[in-house]
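Undergrad: Please find one structure pasted underneath; my questions will follow.
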Amino acid sequence: MKLTRLFLAALSVSLLVSCSNDDDSNDPKGVYDDGIFILNEGNFTDGGSVSFVSDDLNTFTKDVYSTVNGSDFIGKYLQNIFFDGDKAYIIAGGSNVINVVNRYTFKLVAKIETGLITPRYGVVKDGKAYVTNANTYWSKTNPAGNTDDFIAVINLATNKVESTIALNTTANHIEISNNKLYVTEPYNNDKLLVINPATNKLETSVAIGLGADTMEVKDGVLYTIRSSYGERSEIVKVKLSDNSISKITFPESLDGVRNLDIYNNKIYYTLETAVYAIDYAATSASTTPIFQYNSTSQYGKMYGFAVKDDKIFIADGGDFASSSTAYIYNLSGSLIKELTVGLGPNGFYFND
């Protein structure tokens, strides 16, 4: 497997810790409206889980999917959740399946089980989902593994893969903006891929350097952080109207930064267990962290990260052999809440 998280083994515990007001009839959509889903990737044997905490942080469920759907197997190595209307789509990359649930009740609606090969991340446009697939992995006997990733185009009315888009390289994260799809992959691809969903073809690629992964679009500019061994880390800004590039280069002390997020005109990024922020219009990086948290995890420091609603969300993978921890801080770095979640939490998804 290409990504380190795919070899980490542990036992995912499906346990309801607490869930008050689950039958609250005052909520017309469902008990999981107005809250945060925490995606726990799980392992190869026992699968992942999804935790939930309400916006007021007073209600918590450790394993929403099992609580609602009983023994149905959600899949191995949960990778991403994306939304469309009242549906949430949970990608299980190790099982080649996307679970379709009602985003407010989490009741299983359907499963997309064909046409996927190691699916990674997805976005939605005009009734179709576009999901990156890692396909096969590189080896000495399979050198094509670095060039055979693709995007599966899924008709959300039928939950069927109706076509694929060959990328001729590797792919991971995907964003949509201005009627174009943008794809990055941090290990083997030094380009930002630009795909036209109207033609289902790769339109162009923009050289941004190796190591670009998470990204966000704001005011017509795509922001991504890239970190590659032997090179200085950078925030790369791609102006989407003409694909021109500008950069903020980090000092050597911040090599290895990751986890870009933009909130309230600030760019947040992380290094090891530290969180940093700079003004949206800044031209240089800050080397002074807002705060640091304590972690003994070898691989799971800042395994998940998000900034929203005046809060900073951090997921720590721990030892990947037992339940993990999510932390919620205010923007000044004071701890508000600590949650015991499933195995390998890797992302936060806001259901509002």
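Undergrad: Residues of region 69-98 being part of a strand (DSSP E or B) and either within 14 Å of Glu41 (Cβ to Cβ) or of a type in the set (Val, Ile, Thr) (or both), which ones?
TA: If the condition is that a residue be part of a strand (DSSP E or B) and either within 14 Å of Glu41 (Cβ to Cβ) or of a type in the set (Val, Ile, Thr) (or both), then Leu78, Gln79, Asn80, Ile81, Ile90, Ile91, Ala92, Val97, Ile98 are the ones that fit.
Undergrad: Going through region 214-226 one residue at a time, which ones are without any contact (Cβ under 8 Å) to a residue 40 or more places away in the chain and either in contact with a Gly (Cβ under 7 Å, 6 or more places away or on another chain) or open to solvent by 40 Å² or more (accessible area, probe 1.4 Å) (or both)?
TA: Asp219
Undergrad: Scanning region 30-79 for residues that are among the charged types (D, E, K, R) and in contact with a strand residue (DSSP E or B) (Cβ under 8 Å, 6 or more places away or on another chain), which turns out farthest from Phe305 (Cα to Cα)?
TA: Asp72
Undergrad: Residues that are surrounded by fewer than 22 Cβ atoms within 10 Å (Cβ to Cβ) and modelled with pLDDT of 95 or more: find the strands (runs of 3 or more DSSP E) completely inside region 120-213 holding 3 or more of those.
TA: 150-155, 160-166, 173-177, 191-196, 201-207
Undergrad: Does any residue in region 287-301 that is modelled with pLDDT of 95 or more and of a type in the set (A, V, I, L, M) come within less than 9 Å, Cβ to Cβ, of a residue that is open to solvent by less than 80 Å² (accessible area, probe 1.4 Å) and part of a loop (DSSP other than H, G, I, E, B) six or more places away or on a different chain, and which pairs are these?
TA: Partner pairs satisfying both residue conditions: Ile290/Leu331; Ile290/Gly333.
Undergrad: Would you confirm, using the coordinates I've provided, whether Lys247 is open to solvent by 20 Å² or more (accessible area, probe 1.4 Å) and part of a strand (DSSP E or B)?
TA: Here the answer is yes, as Lys247 does meet what is asked.
Undergrad: Follow-up. Test each condition in (1) touching a Leu at 6+ places or on another chain (Cβ under 9 Å); (2) more than 22 Å from Leu192 (Cα to Cα); (3) part of a strand (DSSP E or B) for Pro289 and report the one that comes out false.
TA: Against the list (1) touching a Leu at 6+ places or on another chain (Cβ under 9 Å); (2) more than 22 Å from Leu192 (Cα to Cα); (3) part of a strand (DSSP E or B), Pro289 comes up short only on (3).
Undergrad: Let me ask another. In region 106-119, what residues are touching a residue at least 40 places away in the same chain (Cβ under 8 Å), in a loop (DSSP other than H, G, I, E, B) and of a type in the set (A, V, I, L, M, F, W, C)?
TA: Passing the criteria: Phe106, Leu116.
Undergrad: For region 117-147, name all the residues that are farther than 17 Å from Leu193 by Cα and hydroxyl-bearing (Ser, Thr, Tyr).
TA: Once the filter is applied, which keeps residues that are farther than 17 Å from Leu193 by Cα and hydroxyl-bearing (Ser, Thr, Tyr), region 117-147 yields Thr118, Thr136, Tyr137, Ser139, Thr141.
Undergrad: Those residues that are in contact with a Ser or Thr (Cβ under 8 Å, 6 or more places away or on another chain) and over 18 Å from Gly347 (Cα atoms), I need them from region 218-230; list them, please.
TA: Across region 218-230, the qualifying residues are Gly220, Leu222, Arg226, Ser227.
Undergrad: Separate question: Cβ-Cβ distance below 7 Å, separation of 6 or more or different chains: which pairs start in region 324-351 with a residue that is part of a strand (DSSP E or B) and end on one that is open to solvent by 20 Å² or more (accessible area, probe 1.4 Å) and of a type in the set (Lys, Arg)?
TA: Ile328/Lys311; Ile328/Lys337; Tyr329/Lys311; Asn330/Lys311; Ile336/Lys311; Asn346/Arg5; Phe350/Lys308; Asn351/Arg103
Undergrad: Output the residues belonging to region 327-352 that are more than 15 Å from the chain's Cα centre (by Cα), open to solvent by less than 30 Å² (accessible area, probe 1.4 Å) and of a type in the set (A, V, I, L, M, F, W, C).
TA: Hits for region 327-352 are Ile328, Leu339, Val341, Leu343.
Undergrad: Got at least one residue in region 33-55 being open to solvent by less than 40 Å² (accessible area, probe 1.4 Å), charged (D, E, K, R), under 18 Å from the mean Cα position of the chain (by Cα) and at pLDDT 95 or above?
TA: For region 33-55, residues open to solvent by less than 40 Å² (accessible area, probe 1.4 Å), charged (D, E, K, R), under 18 Å from the mean Cα position of the chain (by Cα) and at pLDDT 95 or above: present.
Undergrad: Just one of Ala315, Ala282, Ala274 is open to solvent by less than 50 Å² (accessible area, probe 1.4 Å), more than 18 Å from Asp213 (Cβ to Cβ) and touching a Pro at 6+ places or on another chain (Cβ under 7 Å); which is it?
TA: Exactly one of Ala315, Ala282, Ala274 is open to solvent by less than 50 Å² (accessible area, probe 1.4 Å), more than 18 Å from Asp213 (Cβ to Cβ) and touching a Pro at 6+ places or on another chain (Cβ under 7 Å), namely Ala274.
Undergrad: Restricting attention to region 286-306, which residues are open to solvent by 10 Å² or more (accessible area, probe 1.4 Å) and under 17 Å from Met215 (Cα atoms)?
TA: Residues satisfying the conditions are Tyr303, Phe305.
Undergrad: Pull out all pairs, ordered by first then second residue, where Cβ-Cβ is under 9 Å, the residues are six or more apart or on different chains, the first lies in region 65-81 and is under 26 Å from Asp213 (Cβ atoms) and without any contact (Cβ under 8 Å) to a residue 40 or more places away in the chain, and the second is assigned to a helix (DSSP H, G or I) and open to solvent by 10 Å² or more (accessible area, probe 1.4 Å).
TA: Ile74/Ser66
The values are calculated or read from the model by the stated rules, or taken from the named source; none is laboratory data. Predicted model, so just to flag it, every value in this text is computed and none were measured. Ideal geometry is used to build each Cβ from the backbone, glycine not excepted, and the neighbour counts take in all protein chains shown. Quick note on the areas: whole protein, heavy atoms, side chains included, nothing else; ligands and nucleic acids left out. Shrake-Rupley method; radii C 1.70, N 1.55, O 1.52, S 1.80 Å.
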